[in-house]
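Coordinate-derived values only; no laboratory data. In this text the structure is predicted, and so the values were computed from the model without any measurement. Note that we place each Cβ from the backbone using ideal geometry, even for glycine, and neighbour counts take in every protein chain shown.
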Amino acid sequence: MKGSPSRSPLRSPLYPRLAQGTRVVLALAFVWELIVFDPVGALAIALFIALSFAYLLREEGLPNLFDLLVALSALLNAFGFVFDLYRVVPLYDEVAHGVTVFSLSLASFYLFYAEEIPPARTLAMATAVFTLGVTAGSLWEISEWTTGYVFSANVVFGLGDAMTDLIANSVGALAAAFAAAAIRRGGGRLS
């Protein structure tokens, strides 16, 4: 339509509703983990519920698509606990790690870098997004090992599992860095 503003695919009235629905399912998954007395699963889902509200860290909030991506990655992880998909579905753990680190790294780009970094510094910004993602993924893996040690839970299934998780985290962070660079080169504004 001539003269009407173009709608950004990053902002849709559907995204907030989907993200809220995702949070309701996360809350139900949390309650389920409490009912079946799985404290590790309940703790992990509580963390993912908190992360799904990360967009509130910035005054104007995340663009709706990023809000939805973070909520969906939290749901992906919650389903891994509730339905034991980490153990049952091949590569589920790696996909969950990669998607979650991608979502959180891309969200961090918007939260911390989107408007402060001049376009000429795109490579530095992408490197920072990648580094933040790899660091978050490494801390996640350390927390998995610590949880397994403290609660005697089978969260990490050997060195191979830990290494593939770290590789998946790095791939997710790298994809987020490329996406952030592309967004930045495209003008930097996400809304």
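Taking the longest Cα principal axis of the chain as reference, the axis of helix 14-35 is set at about 10 degrees. Principal-axis analysis of the Cα atoms of the chain puts helix 92-108 at an angle of about 40° to the longest axis.
Count charges around Ala78 for me, please; just the other residues with Cβ under 14 Å from its Cβ, Lys/Arg as +1, Asp/Glu as -1. For residues surrounding Ala78, the net value is -3. Take the Cβ atoms of Leu28 and Ala120, set R0 to 45 Å, and the FRET efficiency comes out at 0.45. Think of each Lys and Arg Cβ as +1 and each Asp and Glu Cβ as -1; about the Cα centre, that makes the dipole of the chain roughly 1000 debye.
Averaging 1/r over every pair of different alpha carbons in the range 69-182 and inverting the result gives a Kirkwood radius of 14.5 Å. For the chain, the longest principal axis of the Cα atoms and the long axis of helix 159-185 meet at an angle of about 10 degrees. Taking the convex hull of the alpha carbon positions in the chain and averaging its projected area over all directions gives 12.1 nm².
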